[in-house]
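See below for the structure under consideration.
The values are calculated or read from the model by the stated rules, or taken from the named source; none is laboratory data. Model, not experiment: these values are computed from the prediction. We place every Cβ from the backbone using ideal geometry, glycine too, and count neighbours over all the protein chains shown.
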């Protein structure tokens, strides 16, 4: 498995931006990422107005939590891929790299 630094370098090698969406605050996102050993793409805080972005992507649950969501935006600002997982699942970074390669 690649290290945090190796994955960070891999993500920077593409003409697209990968982001995660969370309804949690930036402090909670940072603590959660740390427990995972670090996440190599930005986690966006959709904290206020609560869940507005998650709702637009259709991943905000009725109880106010969002599914785990990864979005790939190309260099022109067009959303090219949305990956949704249940809250308890960790997205597979290799699947994200597969999708980035498709943007070629």
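So here's what we get for this one:
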read-out	value
The range 54-66 - residue that is surrounded by 12 or more Cβ atoms within 10 Å (Cβ to Cβ) and more than 23 Å from residue 94 (Cα to Cα) and, of those, nearest to the chain's Cα centre (by Cα)	54
Residue count, the range 54-81 (criterion: out of contact with any strand residue (DSSP E or B) (no Cβ under 7 Å at 6 or more places or on another chain) and over 19 Å from residue 103 (Cβ atoms))	8
Matching residues, the range 64-86, being closer than 22 Å to residue 38 by Cα and in contact (Cβ under 8 Å) with a residue 24 or more places away in the chain	65, 66, 68, 69, 70, 71, 72, 73, 82, 84
Selection status of residue 78, exposed (fewer than 14 other Cβ atoms within 10 Å of the Cβ) and under 30 Å from residue 104 (Cβ atoms)	yes
Subset of the range 8-30 [farther than 27 Å from residue 55 by Cβ, out of contact with any helix residue (DSSP H, G or I) (no Cβ under 6 Å at 6 or more places or on another chain) and either at pLDDT 90 or above or surrounded by 13 or more Cβ atoms within 10 Å (Cβ to Cβ) (or both)]	8, 10
Pick from the range 31-53, criterion free of Cβ contacts under 8 Å to residues at least 12 places away in the same chain and in contact with a strand residue (DSSP E or B) (Cβ under 9 Å, 6 or more places away or on another chain), ranking: surrounded by the most Cβ atoms within 10 Å (Cβ to Cβ)	33
